[in-house]
Amino acid sequence: VGGLSAVVAPLIAGLLASVAWQYPFLLYLSALPVFVLAYLYLPEPDVGHTQQTVSVLGTFGDYGRAVFHELHDRNILLLIVGAFLTFFVRFGIITVVPLYAVRDLGTTAAGAGAVLSIRGVVRIVVAPMSGKLVSRLATKNAILATLALVGVGSALLMLTVNLVTLVLAVVVYS
């Protein structure tokens, strides 16, 4: 589902942006039917018969102390830093690639959406093979291979000079 939405959403957003820059925000309205269905049909959680008064500041304080305590574990710290950097770079790419495609390469907003949708196509193609690849390469080697592809894709993104090389860089990065 994530791969499919990563293909469809940029395409629709690009087409809507071709009409007016504000129109892609209409995509958020697609969540309203889901909200209504969830409100109408999801059961209330059973919180038990006793109601406790919970201080929001106390809850945040407890959460903050627990997180700080877990940061002493090197593996947890590496996971958090890695996740932050991954999302930081990913959202940077999502922001920069369409602007570059339109402003510097002369494509349309719909074309920029199509370039972004390549990421979803790659996910759909690669996902069924990922389990076999990880078992053949071992987890650490699979992670290293993934990081290498992201690094090469990032370098290619910096070196793109036309739409073809941009598409190639997005495929490798994805």
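The values are calculated or read from the model by the stated rules, or taken from the named source; none is laboratory data. Bear in mind that the values here come from a model prediction, so they are computed numbers and not experimental data. Cβ: placed from backbone, ideal geometry, glycine included. Neighbour counts: every protein chain shown. These area figures cover heavy atoms from the full protein model, side chains too; ligands, DNA and RNA do not enter into them. Shrake-Rupley method; radii C 1.70, N 1.55, O 1.52, S 1.80 Å.
Go through the stretch 79-107 and give me each residue that's among the polar types (S, T, N, Q) and either loosely packed, with under 14 Cβ neighbours inside 10 Å or touching a residue at least 60 places away in the same chain (Cβ under 8 Å) (or both).
Residues of the stretch 79-107 that are among the polar types (S, T, N, Q), as a first pass: 86, 95, 107.
Across the stretch 79-107, the qualifying residues are THR86, THR95.
Filter the stretch 1-22 down to the residues that are part of a helix (DSSP H, G or I), open to solvent by 70 Å² or more (accessible area, probe 1.4 Å) and farther than 12 Å from ALA109 by Cα and list them by number. Answer for the stretch 1-22, where residues must be part of a helix (DSSP H, G or I), open to solvent by 70 Å² or more (accessible area, probe 1.4 Å) and farther than 12 Å from ALA109 by Cα: just LEU4. Of all residues in the stretch 135-151, those satisfying the criterion of being open to solvent by less than 60 Å² (accessible area, probe 1.4 Å), in a helix (DSSP H, G or I) and aliphatic (A, V, I, L, M) are ALA142, ALA145, ALA148, VAL150. In the stretch 116-125, the condition of being open to solvent by 70 Å² or more (accessible area, probe 1.4 Å), without any contact (Cβ under 8 Å) to a residue 12 or more places away in the chain and either more than 30 Å from LEU16 (Cβ to Cβ) or touching a helix residue (DSSP H, G or I) at 6+ places or on another chain (Cβ under 8 Å) (or both) is met by no residue. When the stretch 23-49 is limited to residues that are modelled with pLDDT of 85 or more and outside any helix (DSSP H, G or I), the one that is surrounded by the fewest Cβ atoms within 10 Å (Cβ to Cβ) turns out to be PRO43.
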